[in-house]
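Have a look at the structure below before the remarks.
The values are calculated or read from the model by the stated rules, or taken from the named source; none is laboratory data. In this text the structure is predicted, and so the values were computed from the model without any measurement. Cβ coordinates were reconstructed from backbone atoms using ideal geometry, including for glycine residues, and neighbour counts include every protein chain displayed.
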Amino acid sequence: MKKIIVGIVIGICLPLVAGYLFVALGGMPVATKGAPLPMEKYLARKALHAAMDKEVGKPSPLPADEPNFVAGARVYQAQCAVCHGQLGQPVSAIAKGMFPAPPQLLPPKKGVTDDEVGETYWKVKNGIRLTGMPGYSDSLTDSEMWQVSLLLLHADKLPESALQILRK
């Protein structure tokens with residue numbers, strides 16, 4: 001019986017000690033150029049979707065119209081463009097240095113035009129831990145977060161007034 005208990009204790013402690021040593025001895029990639037750990041992308045994606053699933057189908061309380069696209073373009077230029085790209089411009093030095101690389105959200109890239117607006121809103125509001133994506137719930141109004149989410153949903157078919165702001 002004692003051998004079984006000792007075996008269980010060792011079986012529990014050994015992985016914890018190995019994990020600690022892996023991190024303490026520098027095995028954990030922490031530089032932005034470091035390769036992801038095995039299963040890191042899978043687990044991060046699984047956790048993100050589990051957290052977002054409650055709000056993903058949430059419709060926008062604002063209409064997808066020109067005034068909201070223009071307001072969303074202003075928010076995007078001020079808060080998002082440095083990482084997620086500007087219309088017709090190459091990827092910024094900041095975006096090149098990030099891990100994981102932030103998605104480029106404006107044409108000609110696909111962006112998030114195929115995501116539900118509630119998903120984009122959730123990401124804008126809450127951010128995504130360990131990616132560099134901040135949460136804006138304390139710095140943007142709810143309307144501003146919906147406006148930029150609507151802008152990104154319709155990024156492939158925006159009116160000229162919004163495109164002019166995005167080209168600045």
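Structure data summary
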{"item": "Exclusive hit being more than 15 Å from the chain's Cα centre (by Cα) and of a type in the set (Lys, Arg), set Lys33, Lys41", "result": "Lys33"}
{"item": "Which listed residue is assigned to a loop (DSSP other than H, G, I, E, B) and touching a strand residue (DSSP E or B) at 6+ places or on another chain (Cβ under 8 Å), from Pro102, Pro108", "result": "Pro102"}
{"item": "Test for Val75: is it assigned to a loop (DSSP other than H, G, I, E, B), in contact with a Leu (Cβ under 7 Å, 6 or more places away or on another chain) and surrounded by 17 or more Cβ atoms within 10 Å (Cβ to Cβ)", "result": "no"}
{"item": "Region 123-138, residues that are within 17 Å of Val82 (Cα to Cα) and without any contact (Cβ under 8 Å) to a residue 24 or more places away in the chain", "result": "Gly127, Pro134, Gly135"}
{"item": "Lone unmet requirement of (1) without any contact (Cβ under 8 Å) to a residue 40 or more places away in the chain; (2) in contact with a Gly (Cβ under 8 Å, 6 or more places away or on another chain); (3) over 19 Å from Thr32 (Cβ atoms) for Asp156", "result": "(1)"}
{"item": "Residue satisfying all of: in region 24-45; exposed (fewer than 11 other Cβ atoms within 10 Å of the Cβ) and modelled with pLDDT of 85 or more; nearest to Val124 (Cα to Cα) among these", "result": "Arg45"}
{"item": "Check on Lys41, under 25 Å from Ile128 (Cα atoms) and assigned to a helix (DSSP H, G or I)", "result": "yes"}
{"item": "Count - residues of region 99-118 that are in contact (Cβ under 8 Å) with a residue 12 or more places away in the chain, over 26 Å from Asp142 (Cβ atoms) and surrounded by fewer than 16 Cβ atoms within 10 Å (Cβ to Cβ)", "result": "2"}
{"item": "Filter pass, Lys54 being among the basic types (Lys, Arg), more than 16 Å from Ala155 (Cα to Cα) and either modelled with pLDDT of 95 or more or not in a helix (DSSP H, G or I) (or both)", "result": "yes"}
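One line per residue, one yes/no per condition, for (1) outside any helix (DSSP H, G or I); (2) over 30 Å from Glu40 (Cα atoms); (3) in contact with a helix residue (DSSP H, G or I) (Cβ under 7 Å, 6 or more places away or on another chain); (4) assigned by TED's automatic domain parsing to the domain that holds Thr32:
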site: Val91; (1), (2), (3), (4): yes, no, no, no
site: Val112; (1), (2), (3), (4): yes, no, yes, no
site: Tyr121; (1), (2), (3), (4): no, no, yes, no
site: Leu130; (1), (2), (3), (4): yes, no, no, no
site: Tyr136; (1), (2), (3), (4): yes, no, yes, no
site: Leu151; (1), (2), (3), (4): no, yes, yes, no
